[in-house]
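**Student:** Here it is, the structure, as structure tokens.
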């Protein structure tokens, strides 16, 4: 017999079954939730990984494109053309983009206009040019601008405007008055300018160029020099070597006199540099001997180893003397080596130290044109060459035969003894007649006069025993002028102008010298300025010397 469950047990059993069912349902739902969350996490992780991969790929592509853009010129040009074309198409087709670009450009231009001074001036000048171009080319715009200006002038009637108009009319009347008298205007302007410049110049040269620089030795004005203070250039902090170099640049004594230094040398020495025009920079020139000081222009050219041929003209014309006017060269400049030794040997032998010879210098003997003509003293030329052979290295190989001062007396005595013997010999011969002897003496006397006029020495003297003592002196015998109190020095006394002048062409057989490659050309062309051949512009110097500094 089956026992029936009670109602309470049935309710209890039903509750237990319900709880079991609820537990299974909750477990199944939780498992599904975990699975969904896992799937979502996997999907999110995969999407993040793909995104990260895309970022890396974009960076790699961007880097590759940049490298290609910088290294490949063709790709860069194509890319720029494509980009500009794309922007232009977008600008013309897209109204929003066009307005955005315009506003951005306007803001950028305004900021640049307010902040950049140069851009502002350029913008104003460009705008003014465009307005003027429109004004002169477009009639409608010109009429509008004129009408606008007239309306503005009529409508603006304030106190400031009336005052400016009054001043403008007054200034216009004054200008009209001076314009009617042009001469008065120019005279007044130039006189005021001349007075102002003259006043400034006189103020500057109130004291002469009496201030000598310690470094370069130039005599300068007061505004070009400053007082020399030793502590500014030499102090205890600098090394001994630098101190020694600076002391070599300066030449000063321990006297209490005020010393001066020019501003250019002062700036260089403060920078521990040698001034370019310092005397130490191979600009020291030795004293010119007295033999070279008394030479004239032609004599200086005859002793020069280089002859500069140039055409010098006066740059000014009028009442100004040619001696005071500025000079300039016209045409090419040629510099030719000169045969000094042959030229001096070809000169006439001087009878007296004060004898003058008329000489013509030509480029070639066959030319008719005379380059220079002057009176020269052959004795002075020989003395100058003797002095140069002792000092100048370029004249060491030149040999000039010295002429004894009493060569006339010695030659006269020798010739007199020889002539006595010659006269004695014909006396033993009966075939010689007296008429032939008289004719020979006349011819010899005429030859003597001709040779003496040309500066040569006579080798035949009469052997008569009745010759007076005055006739033994050749200057008294042939009336050659000398310096004395009773007979003044005159060139006409020493010259026979009826004879033709002596013509020389020292540079006829030589080729031109290069002004660029020949570094000694200045010292050889002007030996009267550089007696020892040192101190010219082409010297190798420690500090580079410019031409304008050298000319000072």
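The values are calculated or read from the model by the stated rules, or taken from the named source; none is laboratory data. What you are looking at is a predicted structure, and each value in this text was computed from that prediction instead of being measured. Here the Cβ positions follow ideal geometry from the backbone for every residue, glycine too, while neighbour counts run over all protein chains shown.
**Student:** How many residues are out of contact with any helix residue (DSSP H, G or I) (no Cβ under 6 Å at 6 or more places or on another chain), at pLDDT below 85 and assigned to a loop (DSSP other than H, G, I, E, B) if we restrict to the stretch 330-347?
**Tutor:** Within the stretch 330-347, residues that are out of contact with any helix residue (DSSP H, G or I) (no Cβ under 6 Å at 6 or more places or on another chain), at pLDDT below 85 and assigned to a loop (DSSP other than H, G, I, E, B) number 0.
**Student:** Got a number for residues in the stretch 353-390 being part of a loop (DSSP other than H, G, I, E, B), buried (at least 18 other Cβ atoms within 10 Å of the Cβ) and out of contact with any strand residue (DSSP E or B) (no Cβ under 8 Å at 6 or more places or on another chain)?
**Tutor:** Number satisfying all stated conditions: 1.
**Student:** Could I ask something else about it? Inspect the stretch 308-329 for any residue being within 24 Å of residue 523 (Cα to Cα), part of a strand (DSSP E or B) and touching a residue at least 60 places away in the same chain (Cβ under 8 Å) and give the result as yes or no.
**Tutor:** Scanning the stretch 308-329, I find at least one residue that is within 24 Å of residue 523 (Cα to Cα), part of a strand (DSSP E or B) and touching a residue at least 60 places away in the same chain (Cβ under 8 Å), so the answer is yes.
**Student:** Scan the stretch 268-276 and give yes if some residue there is in contact with a helix residue (DSSP H, G or I) (Cβ under 7 Å, 6 or more places away or on another chain), outside any loop (DSSP other than H, G, I, E, B) and under 30 Å from residue 507 (Cβ atoms), otherwise no.
**Tutor:** no
**Student:** For residue 183, state whether it is within 30 Å of residue 65 (Cα to Cα), under 52 Å from the mean Cα position of the chain (by Cα) and modelled with pLDDT under 90.
**Tutor:** Answer is no for this residue.
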